[in-house]
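What follows is calculated from the coordinates using simple rules that are stated; it is not laboratory data. Bear in mind the structure is a predicted one, so any value in this text is a computation, not a measurement.
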């Protein structure tokens, strides 16, 4: 039955990626008026490029974890089956 979670998880991940991108753009707009620099942008400073990459990665990881957890809980609520690993009992 856990195989049924795969399409559910993929859809949740796609939604989460869009949410993460929107949150990152909003956060970066508060930091700098310009778009975030790419690593190959000639005029961008090293700290600015690395800072943008770190903020984007942290945002993506945090939103991804939140969406995965919410998706797993929703799947469990709908089916009664937990889609992931269970904690080992002592």
Relative contact order %, the chain, counting alpha carbon pairs below 8 Å whose residues are six or more apart | 41 percent
For q = 0.11, 0.12, 0.24 Å⁻¹, what log10 I(q)/I(0) does segment 2-79 give under the Debye formula with an equal point scatterer on each alpha carbon and no solvent?
-> -0.39, -0.44, -1.04
Within a Gaussian network of the chain (alpha carbon springs, distance under 10 Å), most fluctuating of 14, 55, 78 = 78
Volume per residue, Å³, of the convex hull around the alpha-carbon atoms of segment 1-41?
-> 83 Å³
Which whole-angstrom value gives the distance between the alpha carbon centres of segment 1-31 and segment 52-75?
-> 7 Å
Gaussian network model of the chain, Cα springs within a sub-10 Å range: biggest mean-square fluctuation belongs to which of 30, 73, 18?
-> 30
Given springs between every Cα pair under 10 Å in a Gaussian network model of the chain, which of 22, 74, 44 has the largest fluctuation?
-> 44
In degrees, nearest 10, range 0 to 90: what is the angle between the Cα axis of helix 5-31 and the longest Cα principal axis of the chain?
-> 30 degrees
What angle do you read, to the nearest 10 degrees and between 0 and 90, between the alpha-carbon axis of helix 46-79 and the longest principal axis of the chain?
-> 20 degrees
